[in-house]
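The values are calculated or read from the model by the stated rules, or taken from the named source; none is laboratory data. All values reported here derive from a predicted model rather than from experimental measurement. Every residue, glycine as well, gets a Cβ built from its backbone with ideal geometry; the counts of neighbours run over all protein chains shown.
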Amino acid sequence: MMKKDTNTMINLEVKSNLAKLLATENITIQHNKVSTASFDVKNRVLTLPIFEEQKGDVYDMLIAHECSHALWTPWEQWDGIDNAELRSYVNVLEDTRIDKLIQAKYPGVVKNYENGFDILERKNFFGLKGKDINKDLMIIDKINLRSKSLNRLGFDFNDQDNEWLSKVDQLVTFDDVLALAKEMLAWQKDQVEQMKKLPNFDDLEIAQNYDLADEDDFDDEDGENGQGNDHDDADEKNDFNNLGDGQGEKDSEEEKEEDENSTNGKGNQNSGDKIEDDDGEPTSFGKGADGSKEQPTLKSITDDAFNNAKQELLDKKASTYHYANMPEANLDSIISYKEYFKIMQNQRGHLKNYSYNDNKYMPFLKEQYKKFENDNKKTVMYLVKEFEMKKSATAYKRASQDKTGVIDPLKLKDYQFSDDIFKRLTIVPDGKNHGMIMLLDWSGSMADTLGNTVDQLLNLVQFCKKVNIPFEVYFFTSERSEKTKKSFNHKDGDWIFENFNLVNCFSHRMTKQEFHLASMYMFHLGKYFSHNYTYTKNWNETAQMYRYDSFGCPNSLYLGNTPLNEALIFMDKVIPLFRKKYNIEKMTFITLTDGGANSMRGYIKDSGQTDVYEDGRRYIGYDGTKVIMHGKKKIVMQHDSLTDKLLKLIKVKNQTNNIGFYILKRVKRWDIENYCEGNWSEREKQYLTLRKEMTKNKAIAINKNGYSKYFLLDGKKMNVENFDLNDAEVKKGTASEFKRAFGKAMQSRLVSRVVLNKFIKEVA
């Protein structure tokens, strides 16, 4: 999406918050490319047009007005009015009622109304240019302008006008509005019939303003003097003739009964849903007299002029927004670690019928993993110590001292010039309960670095195990089996996310034996994929063993594409459950990935639709901007930012410390330069600094939305380095040279375990 659209969404979100405040409830505000506002009373969704100018008194006035409708206008009753003339009168009177209420509730908007009207009136939005407001307008328009201007126009009301104004000021409910609108409309029709008896009626400005001239006057010649219309006026003339045949002579009760019986069509539909008219336009509060195809004879011309002129305020270039809900993650679809074990064991059993020899490979695997574990044991223990020290130091920073009431003998000598002679007690607060969830990218692009990444992951889980931190590790892949459950419980109105596999491969809940088995399986998979997909000529015995004699990987757990966003939707539901269950105070969420997520497909669940792939999905395409509704929150589905926004949602909602590790297969200039900011000179300076740090430490920390810390890692240099004195190059074998070589090697060991090293600093 373009930058303009991004800024537009930001501005709209600000106004959405304003609307929520005015509505005194957490209603859902949706801005879209529509001509008028509408309110879905069932789902409490207020849809507002996108105006070109998204600030100022006019915009705030319109926001306040539509919110007042959401608060006090009964949608069912309003939508049931199908008589066009009555609808016009009700619209004006209801606007008067609810504007008065919102101004009383929020006095601050009064100034917005005043300034907003002045701006629109100067632009002739109410069609008053050339008109005498006292002589050329009917009572309904006088009422409209009196309300809109906050009674600041120079009206000269007669006694009859004042009677109607008094009734307007006494309106309390929508039923009052409806009754008064029927009464006023019947009275106005009678007045028109009386006016038509005047010999000069057709020449009166009021007759011309309301198109009340006789039918004979509407011929082709009248188009020259401005009285005719370019479109066919047959329906309007017929309406007028019917009125002239005596409709105005009907008594008030008969008129009421007729109008009540005219509520067909829309009024019989589901009143709780957003209803569309015959043209497909959402029904709205702002339709006024043009709310139906039938053109009314008696209508509020000022309200009609405003509704037409208001189209000039709309942003013609605004993007269309497609709103749909976040689907519910089906946690039952997560492959538990016990199911994961069964899948791996079944794979071993299945391959026994082929070349695989379990009795040969498993002892080899145990031997290799044991060696890896021993090589990393000292480093893990060192970092455990660092973690405990950092945690203790943090606790002592929060320590406080209090007097005990017991005299300190060592301070007694100072009693003459100091009152502080009592022993003090240092109170150290208890350390916070830590918890961690790790998410591993199991996509095909990870193959080249998966072996080294898994090594780092194994160090992480070993660390968590040593310090008794509750933890869970998941990896995600697009590969699935026929028996796998659906990942999401899609309902109508949900964005359709694709099914994927989320595998719980490690857990603090595992027994010692299960943890050991999980470690060997993960170690095996890391080496298996790393050697299978690396273009290497190092055909040593170990590589051959992994390549040809291993049991490989089950099809359902194979490397696929990158459903990272889908996995994050699951984490948004998993993390709070995990945190609550284990009373976690400091929650750390870690992602290990080599890049971005899959692109979102533009499908919305719709049971009434049929697609070539499956029933019940509606294709949106590439037009417009896709927005996920997560409760009352909006997430704009831009390809580059959806992941960031999902991470931010997790961070804010669950108070997590988000740490990301981006494993680079090979470090290229653009991998680093992509995160530099400023002009060319500033970007170049930042790049050189970061590149130098990458060379030295094999990792750099950069700023990235959604993360507390985000690290770029050199995947080619992530192999674990271990020191052997027998291989050390020293001069003459002196003790000093051995000491120097050992110290250098130990430092290298710590740097090479860059994930764990950075992790400790962040967590502790």
Those residues of the stretch 678-707 that are within 27 Å of Thr588 (Cβ to Cβ) and assigned to a loop (DSSP other than H, G, I, E, B) come to a total of 6
If we keep only residues of the stretch 592-644 that are of a type in the set (Val, Ile, Thr) and at pLDDT below 80, then the residue farthest from Leu713 (Cα to Cα) is Thr610
Here the qualifying pairs (Cβ atoms under 7 Å; residues six or more apart or on different chains; first in the stretch 689-706 and assigned by TED's automatic domain parsing to the domain that holds Leu647; second modelled with pLDDT under 85 and surrounded by fewer than 16 Cβ atoms within 10 Å (Cβ to Cβ)) come out as Asn697/Val751; Lys698/Val751
Selection from the stretch 318-372 of residues hydroxyl-bearing (Ser, Thr, Tyr) and either closer than 30 Å to Val636 by Cα or more than 41 Å from the chain's Cα centre (by Cα) (or both) yields Ser319, Thr320, Tyr321, Tyr323, Ser333, Tyr354, Ser355, Tyr356, Tyr361, Tyr369
So, first residue over 16 Å from Leu128 (Cα atoms) in the stretch 189-212, second residue among the aromatic types (Phe, Trp, Tyr), Cβ within less than 6 Å, six or more apart or across chains; the pairs are Met195/Phe201
(1) at pLDDT 85 or above; (2) surrounded by 15 or more Cβ atoms within 10 Å (Cβ to Cβ); (3) over 30 Å from Asn565 (Cα atoms) all hold for Tyr687 apart from (3)
Out of all the residues in the stretch 120-131, is one or more surrounded by 16 or more Cβ atoms within 10 Å (Cβ to Cβ), more than 22 Å from Asn307 (Cα to Cα) and assigned by TED's automatic domain parsing to the domain that holds Ser300? no
Filter result for Leu458 (assigned to a helix (DSSP H, G or I), at pLDDT 90 or above and touching a Gly at 6+ places or on another chain (Cβ under 9 Å)): yes
| query | So is Lys716 in the same structural domain as Arg579 (by TED's automatic domain parsing), under 28 Å from Leu564 (Cα atoms), assigned to a helix (DSSP H, G or I) and at pLDDT below 85 or not? | reply | yes
Filter the stretch 455-480 for residues that are in contact with an Asp or Glu (Cβ under 9 Å, 6 or more places away or on another chain) and surrounded by fewer than 20 Cβ atoms within 10 Å (Cβ to Cβ); the one that is nearest to Tyr382 (Cα to Cα) is Val467
Quick count over the stretch 134-158, residues being charged (D, E, K, R) and either modelled with pLDDT of 95 or more or surrounded by 14 or more Cβ atoms within 10 Å (Cβ to Cβ) (or both), is 5
- Item | Test for Asn376: is it modelled with pLDDT of 60 or more, loosely packed, with under 14 Cβ neighbours inside 10 Å and closer than 30 Å to Ala518 by Cβ | no
Scanning the stretch 339-357 residue by residue, the ones that are in contact (Cβ under 8 Å) with a residue 40 or more places away in the chain, surrounded by 13 or more Cβ atoms within 10 Å (Cβ to Cβ) and part of a helix (DSSP H, G or I) total 7
The condition of being on the phi < 0 side of the Ramachandran plot, touching a residue at least 40 places away in the same chain (Cβ under 8 Å) and assigned to a loop (DSSP other than H, G, I, E, B) holds, among Phe497, Phe529, only for Phe497
Exercise. Answer with yes or no whether Gln160 is out of contact with any Lys or Arg (no Cβ under 8 Å at 6 or more places or on another chain) and closer than 17 Å to Leu101 by Cα.
Key: no
Q: Looking only at the stretch 313-330, decide whether some residue is at pLDDT 85 or above, on the phi < 0 side of the Ramachandran plot and assigned to a helix (DSSP H, G or I).
A: no
